[in-house]
Amino acid sequence: QVQLVESGGDLVQPGGSLRLSCAASGNIYSIRDRNWYRQAPGKQREFVAGITTGGSTAYADSVKGRFTITRDNAKKMVYLQMNSLKPEDTAVYSCNAEVRATSRSQWYTLWGQGTQVTVSA
């Protein structure tokens, strides 16, 4: 079964830090771009951060300077280090990845189930 599983979400006080992880497993030949998205209650899902195979990164303006995305290609992992957290960062954080099952397969986007991050005093 091909899947992405997020972990690391928690309740944290404003100004605190969390590190989210996203593990890919199953019949995956290769992984291309990997991203983190979030969805707060009553709001649309929004892009948070992305990283290419080569390590190029992109961030939403709202998290620049506070969040850092990294990846470990050998372990098929991607991480999101979140510092200086604010109440408005409260959301379900989900990762996605562009994957393919063989060298000749089509690329498709795989999503995880999400992990809850709550920033509150």
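Listing for the model above:
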item: Strands (runs of 3 or more DSSP E) wholly inside the stretch 1-120 that include at least 2 residues being surrounded by fewer than 13 Cβ atoms within 10 Å (Cβ to Cβ) and not small (G, A, S); result: 108-111
item: Test: R100 is under 27 Å from A121 (Cβ atoms) and in contact with a strand residue (DSSP E or B) (Cβ under 8 Å, 6 or more places away or on another chain); result: no
item: Selection count where residues are closer than 16 Å to M77 by Cβ and free of Cβ contacts under 8 Å to residues at least 24 places away in the same chain, scope the stretch 29-57; result: 5
item: Candidate set: the stretch 71-121, residues that are among the β-branched types (V, I, T) and within 14 Å of L18 (Cβ to Cβ); chosen: the one farthest from the chain's Cα centre (by Cα); result: V119
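Laboratory data are not the source of any read-out in this text; all were calculated from the coordinates shown. Since the model is a prediction, treat every value here as computed from it, not as a measurement. Neighbour counts are summed over all protein chains in view; Cβ atoms, including those assigned to glycine, are modelled from backbone coordinates with ideal geometry.
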